[in-house]
1. Given the structure, is ALA96 open to solvent by 30 Å² or more (accessible area, probe 1.4 Å) and farther than 19 Å from SER166 by Cα?
2. I need a count of the residues in region 142-162 that are part of a loop (DSSP other than H, G, I, E, B) and at pLDDT 95 or above.
3. Is it the case that some residue within region 31-46 is touching a Phe, Trp or Tyr at 6+ places or on another chain (Cβ under 6 Å), at pLDDT 95 or above and either open to solvent by 40 Å² or more (accessible area, probe 1.4 Å) or part of a helix (DSSP H, G or I) (or both)?
4. Which of (1) surrounded by 14 or more Cβ atoms within 10 Å (Cβ to Cβ); (2) assigned to a helix (DSSP H, G or I) is the odd one out, the single condition ALA133 does not satisfy?
5. Inside region 171-201, can you point out the residues that are touching a strand residue (DSSP E or B) at 6+ places or on another chain (Cβ under 8 Å), among the β-branched types (Val, Ile, Thr) and within 16 Å of ALA133 (Cα to Cα)?
6. Every residue in region 48-75 that is open to solvent by 30 Å² or more (accessible area, probe 1.4 Å) and free of Cβ contacts under 8 Å to residues at least 60 places away in the same chain, please.
7. Identify the single condition in (1) touching a residue at least 40 places away in the same chain (Cβ under 8 Å); (2) in a helix (DSSP H, G or I); (3) aliphatic (A, V, I, L, M) that MET185 does not satisfy, given that it satisfies every other one.
8. Consider MET110 carefully, then state whether it is surrounded by 16 or more Cβ atoms within 10 Å (Cβ to Cβ), without any contact (Cβ under 8 Å) to a residue 40 or more places away in the chain and in contact with a strand residue (DSSP E or B) (Cβ under 9 Å, 6 or more places away or on another chain).
Amino acid sequence: MQEPGTEPARSPATMLPVRGRRLATLARPGAGPPVVWLGGFRSDMRATKAEALDAWAARAGRAFVRFDYTGHGESDGTFADCTISDWLADAEGVIAALAPERPILVGSSMGGWIALLAAARVRPAGLVLIAPATDFTEALMWEQFPEEIRRQVMQDGVWRRESQYSPEPTPVTRALIEDGRRHLMLGGPIDPGCPVHILQGMADPDVPWPHAMRLVERLPESGVVLTLVKEGDHRLSGPADLDRLVAAVEGIAPGEA
C-alpha cells in the first residue's frame with residue numbers, strides 16, 4: 001500500500017539507441033496490435049494522456065509503447081538542435097524496434113503530424129489524433145508571426161516564445177521552420193491507409209478547431225471520425241477527455257484485447 005504523502009514508484013525508462021542517440025522508452029508487453037504514443041512539442045512520455053493509456057493497456061492486456069523524442073523528457077539531445085525530420089526519424093526508429101507489427105498510432109498535437117507522416121512507411125492499423133498540429137511550423141507558427149518575429153528567426157536563427165506550459169520559453173529556430181516545409185501535408189489529399197479518429201477541443205487556443213477541419217477535408221471520405229469537444233482545451237486531459245481517448249483507442253484497435 002502506498003504510504004500517505006508519497007508518489008507511486010514509476011517504471012525506469014529503457015534507453016534505446018536510435019540514429020546514434022539514446023531515446024528513453026517504456027514498453028508494456030501485451031496482446032493485439034501495439035499501441036504507440038507519439039507526444040507533443042516539448043511534452044514527454046509520462047504526461048497525463050500517456051499515463052492514462054498505459055493504465056488502460058495494463059487493464060486490457062494490450063501492448064503499449066511510449067518514448068521521448070530527442071531533446072525531450074529523459075532522452076538524449078538538445079531540443080533546440082532538433083527539427084521535425086529528427087523527431088519523425090525517432091518515431092520510425094522506435095516503432096521499427098519495439099512495435100514492428102502494424103501499430104495503432106496515438107498522436108497528440110505535434111505527435112498527430114508525426115503520426116500522419118510516419119503512416120507512409122509504418123503502415124499503421126489505425127490512427128487516433130488529439131488536436132493534431134499538422135503543418136504547425138508553417139500554418140500555426142510562421143504564418144501567424146508578425147514581421148518582427150519572422151525577421152528575428154531568420155537573422156538570429158531563433159526566437160524564444162513564452163509558454164503557458166513551461167516556465168522556460170520555447171526556442172523556435174530557423175532550422176525548425178525551414179525543415180518543417182519539407183513535410184507539409186495540407187496542400188493535397190492525405191491517405192494514411194487506415195481508420196482515423198480525431199479528438200479536438202473547440203476552446204483550444206494552440207490548435208484551433210478549424211485547423212482540424214482542414215485535415216478532415218483532406219482525409220479519405222470513409223473511415224474518418226471527428227469528435228469535437230465544445231469546452232475542450234488543447235490538453236484534453238480531464239477525466240471525461242481521458243475516457244473519450246481510451247474509448248477512441250478501443251474503438252479503432254483491431255484484434256483481441
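The values are calculated or read from the model by the stated rules, or taken from the named source; none is laboratory data. If you're wondering where the values come from, they're calculated on a predicted model, not measured in any experiment. Cβ atoms come from the backbone with ideal geometry, glycine included; neighbour counts cover every protein chain shown. These accessible areas exclude ligands, DNA and RNA; they are computed on the full protein's heavy atoms, side chains included. Shrake-Rupley method; radii C 1.70, N 1.55, O 1.52, S 1.80 Å.
1. Yes.
2. 3
3. no
4. Single failed check for ALA133: (2).
5. Those that are touching a strand residue (DSSP E or B) at 6+ places or on another chain (Cβ under 8 Å), among the β-branched types (Val, Ile, Thr) and within 16 Å of ALA133 (Cα to Cα): VAL172, VAL196, ILE198.
6. Matches in region 48-75: GLU51, ALA55, ALA58, ARG59, GLY73.
7. Answer for MET185: the failing condition is (2).
8. Spelling it out, it is not the case that MET110 is surrounded by 16 or more Cβ atoms within 10 Å (Cβ to Cβ), without any contact (Cβ under 8 Å) to a residue 40 or more places away in the chain and in contact with a strand residue (DSSP E or B) (Cβ under 9 Å, 6 or more places away or on another chain).
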